[in-house]
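The values are calculated or read from the model by the stated rules, or taken from the named source; none is laboratory data. Nothing here was measured: the structure is a model prediction, and the numbers come from that model. Because the Cβ atoms are built from the backbone with ideal geometry, glycine has one as well, and the counts that use them run over all protein chains shown. Note: accessible area is taken over every heavy atom of the protein model, side chains too, but ligands, DNA and RNA are not part of it. Shrake-Rupley method; radii C 1.70, N 1.55, O 1.52, S 1.80 Å.
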Amino acid sequence: MKNINIGLTETQRQGVIDLLNNDLADSYLLLVKTKKYHWDVVGPQFMTLHKLWQAHYEALTINVDAIAERIRMLGGYPVGTMEGFLKICSLKEHAGKIPTTTEMVSYLLDDHEKVIRNLRDHIEKCSEKYKDDGTADFLTGLMGQHEEIAWMLRSFIEGESLESNGAKPEPNKKTVGV
Ligand SMILES: [Fe+2]
């Protein structure tokens, strides 16, 4: 193979490739979980969540492709097998019982927040340790998407808990930003 001469050492590129493969594995698992809940969800919020999760898995589908292709740009190979993804991903599946609607939202929120924490760490490593600002910038864009999705899911759960216990919102909390 022709040498890759883009101002990064082999060690730097390999370090970044390993981080990207971890992000790819997590994004792929999150894509699968989001699709499963898009299919399984029932109840009065069916259409809202069915459509929301379709939008999320479509975004994740674009992201996994972009992560895998960035790995190729750096001279590496994406993992690309389910067995391989499960070995290196940091997220967990909840196979077996079908969760309640609130549990589904909660599991996905936890996963997106975990991905955000991982990305924050990987962005710093790419920039500081491996001197690859291009990948740091790429991962920063992904992190923003996960932050937006996490906000939507968090808002959904907050609404659920208010409805279920009948509590009225505290007035001082609701005046923020008004
Ligand atoms: Fe569908």
Q) Counting pairs of alpha carbon atoms under 8 Å apart in space and at least six apart in sequence, what relative contact order in percent does the chain give? A) 27
Q: Please turn the phi angles of the stretch 49-59 into ³J(HN,Hα) values with the Karplus equation 6.51 cos²θ - 1.76 cosθ + 1.60 (θ = phi - 60°), one per residue in order, whole Hz, x for glycine and proline.
A: 6, 4, 6, 4, 6, 5, 4, 5, 6, 5, 5
Q. Rounded to the nearest 0.05, what FRET efficiency is calculated for I98 and A55 with R0 set to 22 Å and r the Cβ-Cβ distance?
A. 0.55
Q | Among the listed pairs K36/K129; K2/K131; K2/K33; K33/K129; K36/K131, those beyond 30 Å (Cα-Cα) | A | K36/K129; K2/K33; K33/K129; K36/K131
Q) Which value, in Å² rounded to 10, gives the accessible area of K35 with a 1.4 Å probe and all protein chains present? A) 70
Q. If ligands, DNA and RNA are left out, what is the accessible area of S106 with a 1.4 Å probe, given in Å² to the nearest 10?
A. 40
Q.
For the chain, set up a GNM with springs between Cα atoms under 10 Å and report which of I123, I17, I88 has the largest fluctuation.
A. I88
Q: Quick one: what are the phi-derived ³J(HN,Hα) couplings along the stretch 115-127, Karplus 6.51/-1.76/1.60 with θ = phi - 60°, whole Hz, x for glycine and proline?
A: 4, 4, 5, 4, 5, 4, 5, 5, 4, 5, 5, 4, 6
Q: Give the shape of the stretch 26-164 as rounded, prolate or oblate, defined through the alpha-carbon gyration tensor: a ≥ b ≥ c are the square roots of its eigenvalues, a/c under 1.5 means rounded, and otherwise the shape is prolate if a/b is larger than b/c and oblate if not.
A: prolate
Q. How large is ³J(HN,Hα) for each residue in the stretch 61-73, as worked out from phi by the Karplus curve 6.51 cos²θ - 1.76 cosθ + 1.60 (θ = phi - 60°), to whole Hz, x for Gly and Pro?
A. 4, 5, 5, 5, 5, 5, 5, 4, 6, 5, 4, 5, 4
**Q.** Low-density loop positions, GluC sites (Glu not before Pro), the stretch 22-109 - DSSP coil, at most 14 other Cβ in 10 Å
**A.** E93
